[in-house]
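Report on one structure; see the data block that follows.
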Number of protein chains: 2
Amino acid sequence: MQKQENPTYLKAITIRDISDVHSIREDIKKEMILILRVTPLAQRDVEQLRKVVEELYAVAKDASAEIARLGEERIIIAPSGIKIWRPEYDLK
Amino acid sequence: MQKQENPTYLKAITIRDISDVHSIREDIKKEMILILRVTPLAQRDVEQLRKVVEELYAVAKDASAEIARLGEERIIIAPSGIKIWRPEYDLK
């Protein structure tokens, strides 16, 4: 594990708008683990959601971060030191 | 970050039964990050869910792991090297 003085943060937030992508990009650079709720945006603007998800995949790729869906509501982004283990992602 | 040879795992699974607590306890000892979906059990047996959650809080405490709700559907358990940052946990 990391030293206590420099922990990894796990941050759970809601994406409400494409403008949220900027701060998410910063968090990805800081190697945070992100759990992003996309439901409010999905309900309001599917096209904007599509763009947000596309950008997040690009940012994650640049940062060698892993990205995965968590059910219908959320997306996980994990830095390269964290491996996402998915027994049932595609089921739920 | 950790060395690549020894990554931290993030595992997203569904708790279906109190018997699942055994393997979850092992995963907590291995310092995995766990995202546990509790909805199916919540729908089937609220009393059993209560017991499961109680046990998980006890196991997490013993392991100095952090535990938090993620919306209505999920529980996060993070080992001591990971800090859960919660801007809106109690909102959603």
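Where a number appears in this text, it was derived from the coordinates with a stated rule and is not lab data. Keep in mind that this is a model prediction, so the values were computed, not measured. Quick reminder, even Gly has a Cβ in these numbers, built from the backbone with ideal geometry, and neighbours come from all protein chains shown.
For A:Asn6 and A:Lys83, calculate 0.36 nm times their separation in residues minus their Cα-Cα distance, and state this gained length in nm to one decimal.
Numbers: separation 77, 0.36 × 77 = 27.72 nm, distance 1.90 nm.
Computed gain between A:Asn6 and A:Lys83 is 25.8 nm.
Please report the antiparallel percentage of the DSSP beta bridges confined to the stretch B:10-78, to the nearest 5. Don't skip to the end; give the middle numbers.
Numbers: 9 of 14 bridges.
Percentage antiparallel, nearest 5: 65.
For B:Met32, no residue 5 or more places off, or on another chain, has a built amide H under 5 Å of its own. The HN-Hα couplings worked out from phi for the stretch A:36-51 by the Karplus form 6.51 cos²θ - 1.76 cosθ + 1.60 (θ = phi - 60°) are 10, 8, 10, 4, x, 5, 4, 6, 8, 7, 5, 5, 5, 4, 4, 5 Hz, whole numbers, x standing for Gly and Pro.
What is the fewest-to-most order of A:Glu54, A:Glu31 by other Cβ atoms lying within 10 Å of their Cβ? Let's see the in-between values first.
Numbers: A:Glu54 10, A:Glu31 16.
In increasing order of surrounding Cβ atoms, one gets A:Glu54, A:Glu31.
Is there a simple number for the mean count of other chain Cβ atoms within 10 Å of the Cβ of residues in B:29-38, and what is it? Spell out each step's value before the answer.
Details: counts 0, 0, 1, 3, 9, 1, 8, 0, 4, 0.
Mean partner shielding for this stretch: 3.
Cα-Cα over 24 Å: which of A:Lys30/A:Lys61; A:Lys11/B:Lys51; A:Lys29/B:Lys61; A:Lys61/B:Lys11; A:Lys29/A:Lys83; A:Lys11/B:Lys11? Over 24 Å Cα-Cα: A:Lys11/B:Lys51; A:Lys29/B:Lys61.
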